[in-house]
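The values are calculated or read from the model by the stated rules, or taken from the named source; none is laboratory data. No experiment lies behind these values; they were computed from the predicted model shown. Here the Cβ is made from the backbone with ideal geometry for all residues, glycine too, and neighbour counts use every protein chain on show. We work out accessible area using only protein heavy atoms, side chains counted, and drop any ligands, DNA or RNA first. Shrake-Rupley method; radii C 1.70, N 1.55, O 1.52, S 1.80 Å.
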Amino acid sequence: MNPHALSILLSSLAVGTITTLSSSHWFLAWAGLEINTLAIIPLMTKMHHPRATESATKYFLTQATASALILFSTITNAWATGEWTIITMNDNTSTFMLTIALAIKLGIAPFHLWLPDVMQGLSLTTCLILATWQKLAPMSLMIMTGHQLNTNLLITMAVLSTVVGGWGGLNQTQMRKMMAYSSIAHLGWMTLILSFSPNLTTLNLMIYLMLTSSMFLMMTTLSSTNINKLSTSWLKTPLLASSMMITLMALGGLPPTSGFLPKWLILQEMTKQHLGAVSTLMAMSALLSLFFYLRLSYAISLTTTPNTSNSNMTWRMTNNQMQILPTMITLTTMMLPITPTLLAMLN
């Protein structure tokens, strides 16, 4: 892609998200979401492949539906209350439609079906943007309006998302689809705690962004798009392969990695709210996700590919573009000891 066009599109992505994050008026927030959607579509179609075009079309139709629903819910709320500000969604019908619209935007179950198919047709870099940056604007709106949304609806969607995210990833061999189902499961955890502790939702979002970014950057470095390609990574770069295994354990939520931190705090808060059955169901559904993370870890570290390599130096890496990767891997694994500091910052 032309560097000038790329810089304009990336700037538009940044402007759209920042506009939504900084707005207090619904129309401005909606405009930021639209800028975001329109800016990423050319990035999706830059591969010139039928799957990329299909992904961009699916993404556009879903996001356009969600945007229309957001606009309709805000107009309904303005009709009923006379208010356009984000924090005054007092009409029950409007808040219900808004919850559905934001769930479609984010890919929360049962409105998740577009996300795995869209991510499968994109390059790894565009998948990284879709799984991380594109979640910021809708999630910020959900956090701002969280105290007015229907708690029972959020809990139902959260439990469904973690179950679907774990169950859907079990039978996959494509890395991008696995990361899509991982994203759905993580969004379920964020949605669950939204009504009770928005600060924990923010903390979970930050850690999710770090873990997912680390994973996609390592996949890009190793050019791994499926399990078979991933199994050759140990011969090429043992250090990076072991780092990817630790990142997968963090995504699964195993201690002492950073991924254990949000799950632990969320289950603790849910127990305080006397929602023991929901907490048990969430913990058990997290085991489904952990199974396919363990499956990937096994493929990376405990299997050797039957293909012989003609190179004498397969462990040497020529790609020096991932300078941020060591920092991301360190944050992925080392944040648990600073839990009190993070909680103090959020509170």
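Descriptive notes on the structure:
- Ranking by accessible area, most exposed first, for Leu21, Leu205 with a 1.4 Å probe: Leu21, Leu205
- Ranking by accessible area, most exposed first, for Tyr181, Tyr59, Tyr298 with a 1.4 Å probe: Tyr298, Tyr181, Tyr59
- Separation of the Thr330 and Gln174 label points, Cα + 7 Å toward Cβ, nm: 3.6
- Helices in the chain, meaning DSSP H runs of at least 4 residues, each add -39500 (n - 2.57). Divided by all residues, the mean residue ellipticity at 222 nm is -24000 deg cm²/dmol.
- For the chain, carbon and sulfur atoms together expose 67% of the accessible surface, with a 1.4 angstrom probe and every protein chain in place.
- Of Ile87, Ile75, Ile300, the residue with the largest accessible area leads and the full order is Ile87, Ile75, Ile300 (1.4 Å probe).
- Distant-in-sequence amide contacts of Asn226, defined by a placed amide H-H separation under 5 Å and a gap of 5 or more residues or a different chain, comprise Met175.
- Area of Val163 that stays accessible when all protein chains are in place (1.4 Å probe, Å², to 10): 50
- Hypothetical label at Glu83: residues of region 19-52 whose amide nitrogen lies under 16 Å (7 Å Cα-Cβ projection): 24-27
- Å² per residue, accessible surface of region 1-128 at 1.4 Å: 45
- Heavy-atom accessible area for Val159, with the other protein chains in place and a 1.4 Å probe, reaches approximately 20 Å².
- Positive-end residue, region 1-128 charge dipole about Cα centroid, Cβ charges, pick of Leu38, Trp26, Thr125: Thr125
- Extension gain for the segment Leu153 to Ile8, taken as residue separation times 0.36 nm less the Cα-Cα distance, is 48.3 nm to one decimal.
- Calculated on the alpha-carbon coordinates, the convex hull of region 76-189 measures out at 92 cubic angstrom per residue.
- Segment Leu239-Trp264, extension gain: residue separation times 0.36 nm, minus the distance between their alpha carbons: 6.1 nm
- Additional length obtainable on full extension of the chain from Leu38 to Phe291, 0.36 nm per residue less Cα span: 87.4 nm
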